[in-house]
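Presented below is the structure to which this report refers.
The values are calculated or read from the model by the stated rules, or taken from the named source; none is laboratory data. A quick note: this is a predicted structure, and the numbers were derived from the prediction, not measured. No Cβ is skipped: glycine too gets one built from the backbone with ideal geometry, and neighbour counts run over all protein chains shown.
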Amino acid sequence: MNIKNPANIGQGKKYYILTYGCQMNVRDSETMAGLLDAMGYTESPSLEESDLIVFNTCSVRHSAENKVYGKLGEVAGLKRRKPDLLVAWGVAWLSCRK
């Protein structure tokens, strides 16, 4: 891996973004997808085929956060089968910055 060139970091790897919350979260997920694409990752059609799973949720709506906790159980099983799987949890903030 060439750290000096972030475009190589995700080469040959796939990501999957799970978005919970409002339109702002959807926009933030689109931004994250663009950044991951620029790093060489490609979007995965499913959780199972992913090398990186990103949870993007709302910090205001607790129902969105609660849905993530439920999905984490499913991802935990996947992580046990794929130890190199990366799992990230983000809370919307990109669209909130001024």
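Residues that are more than 25 Å from residue 83 (Cβ to Cβ) and free of Cβ contacts under 8 Å to residues at least 60 places away in the same chain were ranked within the range 1-21; the one that is nearest to the chain's Cα centre (by Cα) is 19. Summed over the range 34-54, the residues that are touching a strand residue (DSSP E or B) at 6+ places or on another chain (Cβ under 6 Å) and part of a helix (DSSP H, G or I) give a count of 1. Being free of Cβ contacts under 8 Å to residues at least 12 places away in the same chain and more than 22 Å from residue 75 (Cβ to Cβ) is the filter here; which residues of the range 22-36 pass it? 23, 34, listed by residue number. Restricting attention to the range 1-17, the residues that are in contact with a Phe, Trp or Tyr (Cβ under 7 Å, 6 or more places away or on another chain) and at pLDDT below 95 total 1.
Scan the range 55-98 for residues that are at pLDDT 75 or above, in a loop (DSSP other than H, G, I, E, B) and surrounded by 11 or more Cβ atoms within 10 Å (Cβ to Cβ) and the total you get is 2.
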